[in-house]
Amino acid sequence: MSPTAAVNLQDVRFEYKVGHPILQIDNFQVPSGGRIFLHGPSGSGKTTLLSLISGILVPQQGHVNVLGKDLTQLSAAARDSLRGSQIGYIFQGFNLIPYLTVAENIALPCDLHSARRARISEPTIAKEVARLARRLEIHTHLNAPVTELSTGQQQRVAIARAIIGSPELVIADEPTSSLDTDRRDAFLDLLTEAIRDTKNSGQGEVTLMFVSHDRSLAAHFDQTISLAEINHAAVLAEAKL
Amino acid sequence: MKTLFRLAFKSLRSRALTTTLTIFSIALSMMLLVGVDRLRDAAKAGFSGTLSHTDLIVGARGGGLPLLLSSIFHIGNASNNISWESYQHFAHHPAVAWTIPITMGDSFHGYRVIATDDNFYAHYHYRGNKSLVLAQGHASQELFDITLGADVASRLNLGLGAKIVLAHGIEEKSILKHNTTPFTVVGILAPTATPVDRAVYITLLGEEAMHYGWENGTPPAIGEEPPPLDPSKLKVDVITCFLLGAKSRMSTLYLQREINTYKAEPLTSIIPAYTLQELWSLLDYADTALSLVSGAVLVVGLLAMLIALYTALNELRREIAILRAVGLHARQIFTLFLMESTLIATVGTVVGIGAVYLLLFLLRGVIESHFGLPIELVGLSTRVEIYAVATIVCGALLGTIPAMRAYRNSLVDGLNAQ
């Protein structure tokens, strides 16, 4: 295993039903500080792979090493803690808790994890939330209910929540699928800049894993990986067809 | 934990209507349970407080409870009369301090007419040491004097000097009026919040005067004029019952035995407090039935909470996925839902108990004056505390069902709930 890999999967096999593997990956690495674009068609196991990397699921076989920890050796609670304190997650849509304000949504990881709280650059969580909100131009909506925001604004709140407290790994699961082309590019630029800011402010390397079925986004990233190429289970499924 | 509590609170607040209705249903159930409990205590206090300092009630041979109910609470009729001689015998008994003779059998607009003497005003006590006070005028002295209980005076809007005609029998709509012997209101008693307020008081001879010329309780035939009243010929032959105060409490049991075995006439004497116990054991059935109904309503309230939380689960799957993504453990998801159900049950319980006390505080005057039930605003009784704790515990236990489902969802859905 490379000592600088943020994510390292070795001989991983995962199946929901016995005899029907969804993922079968011999070797997959994401270098620390890298910006990886992972693409694959719908149903190819992208979200399952992200669930393995974030420690929600555990493979039946193999090792999933994330930020120096072998998740297969950790308890469920330890995996949850690692995810909350070291990983920022952006969903495709419905990223926000509807009954919390914008500020509360952004602050949530810091409220739940002292490690995230310890890494903020401002003296208080509220000031850190305000700083990020200004950077992402949502500072005028901080006390608004999230339901009053446009889809684009909601995705920016999701970026803020994912990067607050400088997690070492940010995972974005099809975050642009509900945006039009102009907004999609603006979102990607903003995400990239926000992560670069975090890196530049001396808070360590931030690794970005961006997952999408849309290959046209590949130009925004350092490295592009096709899930179909690394997932033997997908190849086998296609062969059966 | 603080963040979880905040999340649970805000999640419930976001479903304000469902949450409010669920809380309302639990609060209503608690109101019924606690209300029944408080009113039972109030009823006991009301009945027990109606009569104090009276050691024995003596009437014709019959059941103890009917004697108590008819003589003190004006419910039902006495089985028979007792002779004036028997009354005199015990009134002058060396162990007896005082007696209050009572004759009943007539009414005024449905209110009992009680023929008695000065002893009633001097010795009748209620709620411990409280004795009767005349708000206006004086006690009945003359043949056709009548003193009104406070309720009678206020409801019928009668004042001193009013002339009233009493009716024969205790039915509200009596066909036989004592038209020839009208009474004059000479006194009005101050309110006591006991059945005393709902009766009118005449002298024993006044009672005899109304029935002058009657033969064996039967009025003169139609067309037949009653003989002209000759007060000098009036005498009391029988009374309905009498209250008795012994010189010492020690002699009460001895007196009771002597009265119950009195050879000259079959009599029954009862110790009011003991006979009230019989009443409570009868009321316990009604109390149990009411409590069961209230308990059933509480179960329905808690089930409504379960349904509300359970049906909300599907809507909450994406939120659970987000919370899992920000590092909430599956057991914290369980705790979150448990907090919601416990919060609903707790708020429902507190609101229910608070509402009962508020209502009792606001309505105690009305309840006391209309029903004679003094409402004691004491703290929570042990029974109420048990109800409250049981409701919250049941709410929490029922909450484990949706909480367990949310826990499983969070494990199965992971970050993938749609």
Selection from the range A:193-240 of residues that are at pLDDT below 75 and β-branched (Val, Ile, Thr): A:Thr198, A:Val235
Qualifying residue in the range A:62-69 (condition: within 12 Å of another protein chain (Cβ to nearest Cβ), touching a Leu at 6+ places or on another chain (Cβ under 8 Å) and of a type outside the set (A, V, I, L, M, F, W, C)): no
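Say we look at the range B:132-142 and pick out the residues that are part of a loop (DSSP other than H, G, I, E, B) and under 31 Å from the mean Cα position of the chain (by Cα); which of these is surrounded by the fewest Cβ atoms within 10 Å (Cβ to Cβ)? Explain how you work it out, then say what you get.
Here is the first cut: in the range B:132-142, the residues part of a loop (DSSP other than H, G, I, E, B) are B:132-133, B:138-142.
Still in the list and also under 31 Å from the mean Cα position of the chain (by Cα): B:132-133, B:138-140.
Values: B:Leu132: 20, B:Val133: 10, B:His138: 12, B:Ala139: 19, B:Ser140: 28.
Here the answer is B:Val133.
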Evaluation of B:Glu265 against (1) in a helix (DSSP H, G or I); (2) surrounded by 14 or more Cβ atoms within 10 Å (Cβ to Cβ); (3) among the charged types (D, E, K, R) (one fails), failing number: (1)
Subset of the range B:1-39 [closer than 20 Å to B:Leu398 by Cα and not in a helix (DSSP H, G or I)]: B:Arg15
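Could we say that A:Ser166 is of a type in the set (Gly, Ala, Ser) and closer than 27 Å to B:Ser11 by Cβ here?
Criteria not met by A:Ser166.
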In the range B:329-338, residue surrounded by the fewest Cβ atoms within 10 Å (Cβ to Cβ) [restricted to those that are within 14 Å of chain A (Cβ to nearest Cβ) and touching a residue at least 24 places away in the same chain (Cβ under 8 Å)]: B:Arg331
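Yes or no, residue by residue, for (1) surrounded by fewer than 22 Cβ atoms within 10 Å (Cβ to Cβ); (2) part of a loop (DSSP other than H, G, I, E, B):
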residue	(1), (2)
A:Gln10	yes, no
A:Leu23	no, no
A:Gln29	yes, no
A:Leu38	no, no
A:Ser42	yes, yes
A:Ala78	yes, no
A:Ser81	yes, no
A:Gly88	no, no
A:Leu96	no, yes
Unmet requirement for A:Ser54, which otherwise passes all of (1) more than 13 Å from chain B (Cβ to nearest Cβ); (2) in contact with a strand residue (DSSP E or B) (Cβ under 8 Å, 6 or more places away or on another chain); (3) among the hydroxyl-bearing types (Ser, Thr, Tyr); (4) within 22 Å of A:Ile195 (Cβ to Cβ): (1)
Residues (in contact with a strand residue (DSSP E or B) (Cβ under 8 Å, 6 or more places away or on another chain) and either part of a helix (DSSP H, G or I) or β-branched (Val, Ile, Thr) (or both)) located in the range B:40-64: B:Gly49, B:Thr50, B:Thr54, B:Ile57, B:Val58, B:Gly64
Unique match (being over 30 Å from B:Leu360 (Cβ atoms) and more than 14 Å from chain A (Cβ to nearest Cβ)) among B:Thr3, B:Thr103: B:Thr103
Spans of strands (runs of 3 or more DSSP E) in the range B:143-238 with at least 3 residues surrounded by 14 or more Cβ atoms within 10 Å (Cβ to Cβ) and among the hydrophobic types (A, V, I, L, M, F, W, C): B:183-189, B:199-203
Where A:Ser42 falls short, out of the listed (1) more than 18 Å from the chain's Cα centre (by Cα); (2) among the polar types (S, T, N, Q); (3) within 13 Å of chain B (Cβ to nearest Cβ): (1)
Subset of the range A:98-140 that is in a loop (DSSP other than H, G, I, E, B) and under 27 Å from A:Ser177 (Cβ atoms) - its residue that is nearest to the other protein chains (Cβ to nearest Cβ): A:Tyr99
Filter result for A:Ile120 (closer than 23 Å to A:Glu205 by Cβ and of a type in the set (Val, Ile, Thr)): yes
Residue that is among the polar types (S, T, N, Q) and over 30 Å from B:Ala388 (Cβ atoms), where the choices are B:Ser71, B:Ser48: B:Ser71
Single condition B:Asn314 does not satisfy, out of (1) crowded, with 17+ Cβ neighbours inside 10 Å; (2) polar (S, T, N, Q); (3) not in a helix (DSSP H, G or I): (1)
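Conditions tested, residue by residue: (1) touching a Ser or Thr at 6+ places or on another chain (Cβ under 6 Å); (2) modelled with pLDDT of 90 or more.
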{"site": "B:Met1", "(1), (2)": "no, no"}
{"site": "B:Phe9", "(1), (2)": "no, no"}
{"site": "B:Arg13", "(1), (2)": "no, no"}
{"site": "B:Ala27", "(1), (2)": "no, yes"}
{"site": "B:Val36", "(1), (2)": "yes, no"}
{"site": "B:Ala42", "(1), (2)": "no, no"}
{"site": "B:Leu51", "(1), (2)": "no, no"}
{"site": "B:Val58", "(1), (2)": "yes, yes"}
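With the requirement that a residue be of a type outside the set (Gly, Ala, Ser) and touching a residue at least 24 places away in the same chain (Cβ under 8 Å), what does the range A:100-114 give you?
Residues satisfying the conditions are A:Leu100, A:Thr101, A:Val102, A:Asn105, A:Ile106, A:Leu108, A:Pro109, A:Cys110, A:Leu112, A:His113.
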Scope the range A:70-84; condition farther than 22 Å from A:Ser166 by Cα and facing chain B (nearest Cβ under 8 Å); matching residues: A:Ala76
B:Leu282, sole failed condition from (1) crowded, with 17+ Cβ neighbours inside 10 Å; (2) modelled with pLDDT under 85; (3) assigned to a helix (DSSP H, G or I): (1)
A:Phe14 touching a residue at least 12 places away in the same chain (Cβ under 8 Å), closer than 21 Å to A:His220 by Cα and either assigned to a strand (DSSP E or B) or within 14 Å of another protein chain (Cβ to nearest Cβ) (or both): no
Selected residue (only one of A:Thr4, A:Thr48 is of a type in the set (Ser, Thr, Tyr) and either within 21 Å of A:Leu227 (Cα to Cα) or in contact (Cβ under 8 Å) with a residue 60 or more places away in the chain (or both)): A:Thr48
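The values are calculated or read from the model by the stated rules, or taken from the named source; none is laboratory data. The shown structure was predicted, so the numbers you read here are calculated from the model rather than taken from an experiment. Because the Cβ atoms are built from the backbone with ideal geometry, glycine has one as well, and the counts that use them run over all protein chains shown.
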